[in-house]
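Enquirer: My structure is below; once you've seen it, I'll send some questions.
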Amino acid sequence: MGKCPSCQQWNTFEEELVMPDTVPAAWSQQKKEGANRSNKPRKIAEIESVNENRSDTGDAELNRVLGGGIMPGSVVLLGGEPGIGKSTLMLELALRLNTINVLYVSGEESAAQIKSRAERLKHQSESCYILTETQTQQIFAQIAELEPALLIVDSIQTLASNKLESAPGSVSQVRECTAELLQFAKESATPVFLIGHITKEGGLAGPKVLEHMVDTVLQFEGDRHMSYRILRTVKNRFGSTAELGIYEMMSVGLRQVSNPSEILISQRDGDLSGIALGATLEGNRPLIVEIQSLVSSAAYGTPQRSCTGFDARRLNMLLAVLEKRGGFRLSLSDVFLNVTGGLKIEDPAIDLAVCASVISSINDISISGKMAFAAEVGLGGEIRAVNKIENRIAEAEKLGFEAIYISKYAVKSLPEKKYKIKIKAIGKLEELIEQVFL
Ligand code: TYD
Ligand code: MG
């Protein structure tokens, strides 16, 4: 039609395909009619709480990121780069839970490949079933027969529903398969773990709506050249997102690292000046970053200022503040600043770590590797509060730090809770110099 009879505009019609209503959702098909779900409004006081029904995964790190165990009927998405260990983590979970029926659906590897991986791992199970299948309708048929207490899908991008014609991994297939699995999880109260691929940019592959649909999103990350892996909660309807779990990839699978400070300490031999650790946030995720600086007297007339991973103008501002409020003669010095690990930080909360590392380099006094910093520095040399300070403190505490310097104005927003880490509240740059360097 050229002209819209309603608004009288030309060429405003767009084609939109409507799915035929005759194909029932895959899981309902298995359950026949008469599912008889009551969907009436209920008083919130009358709804029974399910919080007590969490089941233990047998893995303290995984329990922690899930908010204390697996919730019945929850759908958890596990994302991460290829080769990081997603399949290993999930297979270990499947083998560890050897008292319940676990179905591990793989569209990525053959049953024999999974078996040979399972042989390397230290757990054994009589109740772990492997299914190599990618058609959701077929998978649900097998589920109806086996009635597993936990379902693992490796990976959501390999699944396809016969309701759609598009290829596996396409936006519509990923959305449809997730919707079917979600419906299954909610109706049968079976927890489902989905492994998800990650794009080159680091986001989860597939539609953004995928992250909205599931209850929990976990991210498995780490440097592939190092053996440490970090499991983070990106989203959790049943717990906090400040949690993280740490593992080490060994020849016999993943080892839980209960004292993660060992990672940071091992990276440093002896005391070096010019290094300070800042507690930053990347999106929602707390992260401890290392700031290195080197201050030396300028070889030529004009001093050089160079930074990697930090805004150069912000560095100049902080140097001016240090000169004015701290009395350091920086106008005749070259200053080089580096955020290690190739990170690019825009969070003002690392200001204090930047200042501490510069002062450390000027005075040639090293800062303890168990000390972290999280505050913004203002033009008057005042130490300002930053957002989500609890998350930063929690991360530093989790990573085994002994003390963290924050703004004294942030203290009142902290929850009344006993921290293992010592919280040092300061209000001015002078206090930092007094407490850390004198
Ligand atoms: P995998 O779980 O296949 O990664 P993903 O599913 O995220 O792509 O992990 C693959 C890597 O882990 C591979 O490089 C080999 C290594 N690995 C070990 O070092 N030890 C082990 O016990 C296992 C099973 C794997
Ligand atoms: Mg895999």
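Please treat every number below as a calculation from the coordinates, not as lab data. Keep in mind it's a predicted model, so treat the numbers as computed, not measured. We place every Cβ from the backbone using ideal geometry, glycine too, and count neighbours over all the protein chains shown.
Enquirer: Could you work out how far the C-alpha centroid of the range 180-249 sits from that of the range 68-88, in angstrom?
Expert: 5
Enquirer: At a threshold of 8 angstrom on Cα-Cα distance, excluding pairs fewer than six apart, so keeping six or more, what relative contact order does the range 91-204 reach in percent?
Expert: Working: 176 pairs, mean separation 29.7, N = 114.
In percent, rounded to a whole number, it is 26.
Enquirer: Apply the Karplus curve 6.51 cos²θ - 1.76 cosθ + 1.60, θ = phi - 60°, to the phi angles in the range 311-318 and return the couplings in whole Hz, x for Gly and Pro.
Expert: Coupling constants for the range 311-318: 5, 5, 5, 5, 4, 4, 5, 5 Hz.
Enquirer: Assigning unit charges at the beta carbon (Lys, Arg +1; Asp, Glu -1) and nothing else, what dipole magnitude in debye, to the nearest 20, does the range 263-437 show about its Cα centre? Walk me through the numbers on the way to the answer.
Expert: Details: 22 positive and 21 negative charges, 85 e Å.
Using only the charged Cβ atoms, the result is roughly 400 debye.
Enquirer: Under the 0.36 nm per residue contour assumption, what length would be gained going from the current alpha-carbon distance of Ser116 and Asp364 to full extension?
Expert: Working: separation 248, 0.36 × 248 = 89.28 nm, distance 5.35 nm.
Taking 0.36 nm per residue and subtracting the Cα distance, the gain is 83.9 nm.
Enquirer: Follow-up question, since we're still on this one. What is the range 54-258's relative contact order, in percent, from Cα pairs under 8 angstrom and six or more apart in sequence? Could the numbers behind the result be given before it?
Expert: Values: 446 pairs, mean separation 59.8, N = 205.
Here the relative contact order equals 29 percent.
Enquirer: Rounded to the nearest 500, what is the chain's calculated 222 nm mean residue ellipticity when only DSSP H runs of at least 4 contribute -39500 (n - 2.57) each, over all residues?
Expert: Working: 12 runs with 116 residues, N = 438.
Result for the chain: -7500 deg cm²/dmol, rounded to the nearest 500.
Enquirer: In the chain, if the dipole is taken from +1 on Lys/Arg beta carbons and -1 on Asp/Glu beta carbons about the Cα centre, which of Asn39, His123, Val335 is farthest to the positive end?
Expert: Val335
Enquirer: Out of all DSSP beta bridges in the chain, what portion is antiparallel? Express it as a percent rounded to 5.
Expert: Details: 37 of 76 bridges.
Antiparallel bridges make up about 50 percent of those DSSP assigns within the chain.
Enquirer: Give the Debye-formula value of log10 I(q)/I(0) at each listed q (0.10, 0.11, 0.15 Å⁻¹), with one equal scatterer per alpha carbon of the range 263-437, two decimals each.
Expert: After summing over all Cα pairs, the log10 values are -0.34, -0.41, -0.78.
Enquirer: Here is a further query. Checking the table Lys235/Lys344; Lys40/Lys186; Lys370/Lys408; Lys3/Lys163 against a 27 Å threshold on Cα-Cα, which pairs fail? Write out the running numbers ahead of the final one.
Expert: On the way: Lys235/Lys344 23 Å; Lys40/Lys186 16 Å; Lys370/Lys408 20 Å; Lys3/Lys163 33 Å.
Where the Cα-Cα span goes over 27 Å, the pairs concerned are Lys3/Lys163.
Enquirer: Next question. Under 13 Å between alpha carbons, and skipping anything fewer than 8 positions from Lys200 in its own chain: which aspartates and glutamates qualify?
Expert: Glu81
Enquirer: Further, regarding this structure: How far, in nm, would the chain grow between Ala299 and Gln142 when pulled straight, counting 0.36 nm per residue and subtracting the alpha carbon separation? Can you show the working numbers first?
Expert: Details: separation 157, 0.36 × 157 = 56.52 nm, distance 7.36 nm.
Between Ala299 and Gln142, full extension yields an extra 49.2 nm.
Enquirer: OK, next. For the chain, what is one quarter of the convex hull surface built on the Cα atoms, given in nm²?
Expert: Numbers: hull surface 119.7 nm².
Result: a mean projected hull area of 29.9 nm².
Enquirer: How high is the FRET efficiency from Leu272 to Lys324, r the C-beta distance, R0 22 Å, rounded to 0.05? Working shown, then result.
Expert: Values: r = 27 Å, r/R0 = 1.25.
After rounding, the FRET efficiency stands at 0.20.
Enquirer: Given a cut-off of under 8 Å on Cα pairs at least six residues apart, what relative contact order in percent is computed for the chain?
Expert: Numbers: 860 pairs, mean separation 54.1, N = 438.
Relative contact order of the chain: 12 percent.
Enquirer: Based on the Kirkwood radius over alpha-carbon pairs, what is the Stokes-Einstein translational diffusion coefficient of the range 54-258 at 25 °C with 0.890 mPa s viscosity, in µm²/s? Before the final figure, lay out each step's value.
Expert: Numbers: Rh = 16.8 Å.
Stokes-Einstein gives a translational diffusion coefficient of 146 µm²/s.
Enquirer: Moving on. Give the order of His212, His123 when sorted by the count of other beta carbons within 10 angstrom, beginning with the fewest.
Expert: On the way: His212 9, His123 17.
Starting with the residue having the fewest Cβ neighbours, the order is His212, His123.
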